[in-house]
Every structure is written in structure tokens, then in C-alpha cells.
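**Student:** Take this structure, written in C-alpha cells, and hold onto it; I'll ask about it next.
The values are calculated or read from the model by the stated rules, or taken from the named source; none is laboratory data. Note that the structure is a prediction, hence the values are computed from the model and not measured. Heads up, the Cβs are rebuilt from the backbone with ideal geometry, glycines too, and the neighbour counts pull from every protein chain shown.
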Amino acid sequence: MALSLTGSLAAMGHSIAGDEIIKNSLANFAFENYEIAAYKSLITIAEHGGFPGLAPALKSNLEEEIAMAKWLDDNLHSVTMKFASLKEAGERAKI
């Protein structure tokens, strides 16, 4: 819940920036990789701390985060290029 709140506050902070889309893309990419690291740590704790029953659900969540991070990585170039082309054309590039 705290991570979700942090992400929402960051998005609100970016909303006044002229490059909001880029800033949100970068923040999302960083946040997904943070979550990947967090799930890897939680899986380690579950497997080595006597909670093996938690590991499958954590691994499932980890795979979702890895997939989202990959999608963001795969699409960052096109989002950046779209933003740049809109700005060059003098069009508004906001959400």
C-alpha cells in the first residue's frame, strides 16, 4: 500500500512537468525493478526462513513484475520517440 501511495504521489508531482509522460515512464520502470528486487528478497526469506508455502505466490507475483518491467523496457523507446515527435510538432504531449 505504501509503495502504491508513493507511486501515486510521484505521478501527481510529474503532472505539472512538460515531460510528464517521460518522467512517469522512467518512474514506472524504476518502480517495477524495485518490486522485482523486493519479491526476490521475500522469496529468499520464505524459502530459507521456514515459510516455503509462501514462495509459490511470491514467485507468481515476481513473474508478473518481470513481465511488466520487460514491457516497459520494450516500449520506452517508442514512448520517448512519440513524445519527442509531438514536442517537435508543437503539440501537447500530456496524458
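**Student:** List pairs: first residue in region 49-76 and under 16 Å from Glu32 (Cβ atoms), second residue in a helix (DSSP H, G or I) and among the polar types (S, T, N, Q) anywhere in the structure, Cβ distance under 8 angstrom, at least six positions apart or on different chains.
**Tutor:** That search, which allows pairs on different chains as well, returns Ala69/Asn33; Leu72/Ser25; Leu72/Asn28; Leu76/Ser25.
**Student:** Further question on the same structure: Which count do you get for residues in region 30-42 that are surrounded by fewer than 18 Cβ atoms within 10 Å (Cβ to Cβ) and of a type in the set (Phe, Trp, Tyr)?
**Tutor:** So the count comes out to 1.
**Student:** Check region 7-24 and report whether any residue there is part of a helix (DSSP H, G or I), exposed (fewer than 14 other Cβ atoms within 10 Å of the Cβ), at pLDDT below 55 and among the hydroxyl-bearing types (Ser, Thr, Tyr).
**Tutor:** For region 7-24, residues part of a helix (DSSP H, G or I), exposed (fewer than 14 other Cβ atoms within 10 Å of the Cβ), at pLDDT below 55 and among the hydroxyl-bearing types (Ser, Thr, Tyr): present.
**Student:** Counting only residues that are exposed (fewer than 12 other Cβ atoms within 10 Å of the Cβ), modelled with pLDDT under 95 and basic (Lys, Arg), how many does region 43-95 have?
**Tutor:** Going through region 43-95 one residue at a time, the tally reaches 1.
**Student:** Another question, if that's okay. If you take the residues of region 39-95 that are touching a helix residue (DSSP H, G or I) at 6+ places or on another chain (Cβ under 8 Å) and assigned to a loop (DSSP other than H, G, I, E, B), which of them is farthest from Ile22 (Cα to Cα)?
**Tutor:** Among residues in region 39-95 that are touching a helix residue (DSSP H, G or I) at 6+ places or on another chain (Cβ under 8 Å) and assigned to a loop (DSSP other than H, G, I, E, B), the one farthest from Ile22 (Cα to Cα) is Phe51.
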